[in-house]
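Take a look at the structure set out below.
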Amino acid sequence: MTTCVVVKKNNEIAIASDSLVTFGDTRLSHAYEVNEKIFRVGDSYVTLAGTAAHFPVMRKLLTAMGEDCKLGSRDEVFETFSKVHEILKEKYFLNTKEEEDDPYESSQITSLIANPNGIFGVYSYREVFSFDRFWGIGSGRNFALGAMYAVYDKLHSAREIAEIGVHAGAEFDKSTSGPFRVFSFEVDF
């Protein structure tokens, strides 16, 4: 799958991802295709975990929303991803079922967002989280979370912490590999 992380520390925000795409047992590395797992929408950086089909769909969908794509707060992210869910169902034929007893329809998407307002996570049922320190998604997330936890209080740079997270994911998760993409920017909190 992937390893993607977001970090907030000392007036800096960073988002990072690996670049490996997998299809079952097949690996499509950066040597065969430039796999960009982070894309820009306005002043936000967005990354996803899950099926490779999500990337072109979500990139096109979020950028085409224009002013309706608001990602500046937990509530705005929820509203935007609720609209996205409807569009995915109507236009892209989203399969909304994960389990028979699901409480809500699933968007089948896990996402991280980084922008000047903070770092956010979105899960399948449009659960939205606003993180204070860091978070990770994808198959390498547990390795990334452990590594970032171990260095968070010791390092001053959100970018360095994010890099350590994705490197830990690649070290131990078979579905994560470099090169890595890292974006960071200063914020006023």
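The values are calculated or read from the model by the stated rules, or taken from the named source; none is laboratory data. Model, not experiment: these values are computed from the prediction. Here the Cβ positions follow ideal geometry from the backbone for every residue, glycine too, while neighbour counts run over all protein chains shown.
Odds and ends about this structure:
- Criterion (within 14 Å of the chain's Cα centre (by Cα), farther than 19 Å from ILE38 by Cα and not polar (S, T, N, Q)) met by exactly one of ARG141, ARG181, ARG133, ARG126: ARG126
- Every residue from the stretch 121-154 that is assigned to a loop (DSSP other than H, G, I, E, B), in contact (Cβ under 8 Å) with a residue 40 or more places away in the chain and surrounded by 15 or more Cβ atoms within 10 Å (Cβ to Cβ): ARG126, ARG133, GLY138, SER139, GLY140
- Strands (runs of 3 or more DSSP E) within the stretch 24-115 that include 2 or more residues among the hydrophobic types (A, V, I, L, M, F, W, C) and at pLDDT 85 or above: 38-41, 44-49, 110-115
- Taken as a whole, the condition of being under 20 Å from ALA162 (Cα atoms) and in contact (Cβ under 8 Å) with a residue 12 or more places away in the chain applies to PHE39.
- Taking every residue in the stretch 174-189 that is under 19 Å from ASN142 (Cα atoms) and pairing it with any residue that is of a type in the set (Phe, Trp, Tyr) and surrounded by 14 or more Cβ atoms within 10 Å (Cβ to Cβ), at least 6 positions away or on another chain, the pairs with Cβ-Cβ distances below 9 Å are THR176/PHE143.
- Yes/no for TYR123 being under 20 Å from VAL77 (Cα atoms) and among the hydroxyl-bearing types (Ser, Thr, Tyr): yes
- One residue stands out in the stretch 42-57 among those that are among the β-branched types (Val, Ile, Thr) and surrounded by fewer than 21 Cβ atoms within 10 Å (Cβ to Cβ): the one that is farthest from ALA144 (Cα to Cα), namely VAL57.
- Condition check for GLU127: modelled with pLDDT of 90 or more, of a type in the set (D, E, K, R) and over 22 Å from ARG27 (Cβ atoms): yes
- Filter result for the condition that a residue is among the β-branched types (Val, Ile, Thr) and surrounded by fewer than 18 Cβ atoms within 10 Å (Cβ to Cβ), over ILE38, ILE13, ILE87: ILE87
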